[in-house]
1. So Phe23 clears everything in (1) touching a helix residue (DSSP H, G or I) at 6+ places or on another chain (Cβ under 7 Å); (2) of a type in the set (A, V, I, L, M, F, W, C); (3) modelled with pLDDT of 95 or more; (4) more than 28 Å from Glu167 (Cα to Cα) except one condition, right? Which one?
2. Just give me the residues in the range 63-85 being of a type outside the set (D, E, K, R), more than 9 Å from the chain's Cα centre (by Cα) and over 15 Å from Leu49 (Cα atoms), in sequence order.
3. Enumerate the strands (runs of 3 or more DSSP E) found wholly within the range 51-168, keeping only those where 2 or more residues are more than 29 Å from Phe36 (Cβ to Cβ) and of a type outside the set (A, V, I, L, M).
4. Quick one: what pairs do we get from the range 48-77, first residue over 20 Å from Phe154 (Cα atoms), second among the charged types (D, E, K, R) and assigned to a helix (DSSP H, G or I), C-beta under 7 Å, 6+ apart or different chains?
5. Cβ-Cβ below 6 Å, separation at least six or inter-chain, first residue in the range 22-41 and in contact (Cβ under 8 Å) with a residue 24 or more places away in the chain and closer than 12 Å to Ile75 by Cα, second of a type in the set (S, T, N, Q) and not in a strand (DSSP E or B): which pairs?
6. Six or more apart or on different chains, Cβ atoms under 6 Å: show the pairs whose first residue is in the range 153-168 and of a type outside the set (Lys, Arg) and whose second is assigned to a loop (DSSP other than H, G, I, E, B).
7. Cβ-Cβ under 7 Å, sequence separation 6+ or interchain: first residue in the range 5-19 and closer than 19 Å to Gln64 by Cα, partner outside any loop (DSSP other than H, G, I, E, B). Which pairs?
Amino acid sequence: MAVAELISAEQYRHTSFEHDAEFVEGRIVERPAPTFSHAALQTFLIRQLWAIDTQLHTLSLTEQRVQTQPNRFRIPDVCVVAEKPDKQSRGIVTRPPYLCIEILSPEDTMVETMEKVREYLSFGVEWVWVIDPVSLSGQTYSQTAVTNVGDRIFSTDRFSLDLSKVEF
């Protein structure tokens with residue numbers, strides 16, 4: 001059985017990957033390569049969010065490193081932040097985003113996905129969406145509620161996005 005070599009958070013901060021990887025307690029965690037439906041949904045979401053960023057005074061980003069704990073860095077498929085990461089953080093988001101979106105891949109497990117959801121909420125993220133790119137259904141999570149989304153309309157307390165308009 002091979003043993004993975006642990007690295008420090010500082011080493012992770014200065015390492016780049018062809019398909020960016022997450023960092024959990026000294027371990028590099030590779031993310032699944034996105035499928036076509038995953039990529040198309042991510043593009044749709046970012047286009048819709050960019051259209052409302054000005055009125056919300058937010059910035060929507062794809063695959064942005066978010067440091068949720070000193071030894072944990074996650075990479076949500078899409079996140080909405082209230083301010084740009086500062087230069088001291090090397091462009092890594094170190095304050096809780098308003099929204100983190102995880103688009104499921106065939107390799108994702110419920111255990112891993114729920115670990116990320118709990119981690120985001122514990123960090124102070126106000127909203128987390130988990131979306132299945134095939135059925136366009138999923139769940140929204142906030143600090144106080146979990147909602148199953150079957151009608152393809154994902155909401156926060158500030159806006160909603162209708163995924164029934166997704167075409168791919």
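The values are calculated or read from the model by the stated rules, or taken from the named source; none is laboratory data. Predicted, not measured: the structure shown is a model, and the values here were computed from it. When we count neighbours, we look across all protein chains shown, and the Cβ atoms used for this are built from the backbone with ideal geometry, even at glycine.
1. Just one mismatch for Phe23, condition (3).
2. Gln67, Thr68, Gln69, Pro70, Asn71, Phe73, Pro85
3. 66-69
4. These pairs meet every condition: Thr68/Glu119; Arg72/Glu119; Arg74/Lys116; Arg74/Glu119.
5. Qualifying pairs under 6 Å: Pro32/Ser105.
6. Leu163/Leu136; Leu163/Arg152; Ser164/Arg152
7. Ala9/Phe23; Tyr12/Phe23; Tyr12/Phe73
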